[in-house]
1. Leaving ligands and nucleic acids out of the surface, order B:Y159, B:Y243 by accessible area at 1.4 Å, largest first.
2. Is the C-alpha gyration tensor of segment A:1-132 telling us rounded, prolate or oblate? Criteria: a/c under 1.5 is rounded; beyond that, a/b larger than b/c is prolate, otherwise oblate.
3. Taking the Cα centre of chain A as origin, work out the dipole magnitude from +1 charges on Lys and Arg Cβ and -1 charges on Asp and Glu Cβ, in debye rounded to 20.
4. Quick one: compute the contact order of segment B:3-65, relative version, from alpha carbon pairs under 8 angstrom and 6+ residues apart, as a percent.
5. For B:H32 paired with B:D223, estimate the spin-label separation in nm (one decimal), with each label point 7 Å from Cα along the Cα-to-Cβ line.
6. Work from the charge dipole of segment B:162-218 (Cβ charges, +1 for Lys and Arg, -1 for Asp and Glu, about the Cα centre) and give the residue of B:G188, B:P165, B:V177 farthest towards its positive end.
7. Would chain A count as rounded, prolate or oblate if I go by the C-alpha gyration tensor, calling it rounded below 1.5 in a/c and otherwise prolate when a/b exceeds b/c, oblate otherwise?
8. On a straight-distance basis, which lysines could pair with A:K153 in a cross-link, Cα separation under 21 angstrom, same-chain partners fewer than 8 positions away excluded?
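The values are calculated or read from the model by the stated rules, or taken from the named source; none is laboratory data. The structure displayed is predicted, hence computed values, not measured ones. So basically every Cβ, Gly included, is an ideal-geometry build from the backbone, and we count neighbours across all protein chains shown. What goes into the accessible areas is simple: the full protein's heavy atoms, side chains included, and nothing from ligands, DNA or RNA. Shrake-Rupley method; radii C 1.70, N 1.55, O 1.52, S 1.80 Å.
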There are 2 protein chains.
Amino acid sequence: MSQTVDRALSILPLLAEGPADLGQVADRLGVHKSTALRLLRTLHEHGLVYRQSDQRYRLGARLFALAQEAMENLDVREIAHPHLARLNEACGHTVHLAVHEEGEVLYIDKVESRYPVRMYSRIGRPVAITVAAVAKLLLADLPEPERRAVAEKLDYPLYTARSTPNAPAFLRELEKVREQGWATDLGGHEESINCVAAPIRGADGRVVAAMSVSAPNVVVTADELLTLLPLVRRAADAVSGEYSGRNPITQAAKE
Amino acid sequence: MSQTVDRALSILPLLAEGPADLGQVADRLGVHKSTALRLLRTLHEHGLVYRQSDQRYRLGARLFALAQEAMENLDVREIAHPHLARLNEACGHTVHLAVHEEGEVLYIDKVESRYPVRMYSRIGRPVAITVAAVAKLLLADLPEPERRAVAEKLDYPLYTARSTPNAPAFLRELEKVREQGWATDLGGHEESINCVAAPIRGADGRVVAAMSVSAPNVVVTADELLTLLPLVRRAADAVSGEYSGRNPITQAAKE
DNA sequence: ATGGGCGTTGCGCACGTTGCAACGCTCCTG
DNA sequence: CAGGAGCGTTGCAACGTGCGCAACGCCCAT
């Protein structure tokens with residue numbers, strides 16, 4: 001809506017790909033060098049862009065700080081963290097917390113597996129939305145028309161043979177997840193990794209977040225992982241209760 | 001330099017404090033509501049702000065993604081990480097990696113202590129620049145005039161009785177650190193926590209990052225922690241060698 | 001009912017932003 | 001060592017865009 005700001009902000013994802021010099025930025029923005037310079041200067045003053053010793057620009061430090069502060073304002077995260085930790089202690093596997101925002105699903109917290117073989121993931125990184133168990137839960141809760149709209153717009157990359165192939169299949173899966181109240185990803189993203197996930201609901205019953213337990217085949221089979229479902233659901237329900245203000249704080253969460 | 005962008009970017013730190021509605025944003029920017037609305041819309045389109053269900057704005061998801069990508073473009077971090085991990089395995093304490101940028105020093109990586117008592121810190125968060133061991137190393141390497149300029153501008157909060165009290169004391173400390181090639185923080189930030197740090201240098205000999213080992217008194221005394229200094233320096237030197245391209249990859253780092 | 005608070009829209013004018021051209025600089029190359 | 005190419009930087013005048021205003025619609029509380 002605002003041309004100047006729009007251009008300035010377009011610089012950020014551009015620099016995210018890697019450092020670039022003034023000319024490159026100007027070219028990719030389709031503006032004159034002097035314009036790009038002014039925009040970069042403004043970004044620089046706000047610390048979003050840093051000028052490294054070779055004069056090239058890259059993303060700046062304030063970005064980290066902002067992202068951190070944004071994190072801390074997500075109160076689901078704060079409430080859920082001790083529960084994630086306890087769940088991890090109970091089963092030993094990697095535990096994730098994810099939320100839905102603007103068509104993306106992203107991990108906002110994680111407790112690493114205690115086994116040597118771990119799955120790769122990063123907090124803040126969008127998840128594979130068509131296959132991840134947490135994504136299914138978060139999307140399944142959307143009102144029907146919106147859910148369909150989202151499903152139509154998505155790409156369906158075939159990470160593995162078991163990946164969700166297309167929109168109709170995805171919508172069917174979401175319907176199932178919606179009914180059963182939990183979700184799985186059995187090798188749909190990485191052949192050898194399975195997940196079980198359960199929803200976290202707010203006071204109004206809407207799904208605000210989802211938590212999952214992930215483990216590679218070499219550690220536990222899919223069937224064994226499924227036996228953890230009650231544990232995951234209990235943890236998620238505990239967070240739900242706390243988040244919606246029903247249960248003040250569960251005893252276990254205190255310590 | 002660019003008014004519109006300047007105003008738009010000023011919204012971000014403002015929202016970092018917590019969600020705010022249109023009126024609040026407009027007030028704190030000192031602009032008309034309609035102006036604030038347009039700016040917020042533009043930020044929204046780029047995913048930097050998110051409109052939550054109660055219509056208030058808060059920082060958005062793309063911010064996380066950007067910060068993550070920015071991280072991954074810091075190649076020191078990538079190179080250093082395995083060394084941090086091994087250092088942590090060797091001594092068991094919390095290991096930090098920090099860089100200097102635009103007058104701030106911030107942690108860009110961390111491996112948690114294996115002891116139950118841990119120090120609080122967060123990746124991306126600026127460190128207590130006047131007392132942290134890593135900050136001393138990074139600032140000590142600046143050319144003298146710049147170093148003095150920075151020292152003069154800083155605040156010297158008295159976190160503890162042993163905190164650096166003022167600019168002259170800080171400059172003396174930096175001089176000492178510069179000469180000895182390593183730094184400590186003995187209870188200068190938190191009464192019961194000590195750190196030892198060593199510098200990581202680029203091909204030109206300039207300090208590009210610093211790594212430290214931190215531990216609370218209750219786990220090891222300051223003297224005991226100091227015995228780890230050779231270990232820390234060796235790790236830092238290994239990173240320096242790899243980063244500057246001298247040693248391709250050390251054997252230990254491979255596994 | 002009615003007022004206040006909120007976000008939103010259309011509009012005309014002013015001002016901030018734009019692209020150009022010219023400059024200074026460093027780094028190659030002949 | 002002169003010359004040229006490539007880069008970032010500056011001042012300027014013309015344009016276009018973002019600005020504040022005022023009015024509207026909406027929801028909630030009184």
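1. Numbers: B:Y159 95, B:Y243 75 Å².
Output order, biggest surface exposure first: B:Y159, B:Y243.
2. On the way: a/c = 2.60, a/b = 2.42, b/c = 1.07.
Cα axes put segment A:1-132 in the prolate bin.
3. On the way: 30 positive and 33 negative charges, 92 e Å.
That gives chain A a dipole magnitude of about 440 debye.
4. Reported relative contact order: 33 percent.
5. Simple spin-label model gives 7.2 nm for this pair.
6. B:V177
7. On the way: a/c = 1.96, a/b = 1.72, b/c = 1.14.
Verdict is prolate for chain A.
8. Filter leaves A:K136, A:K176.
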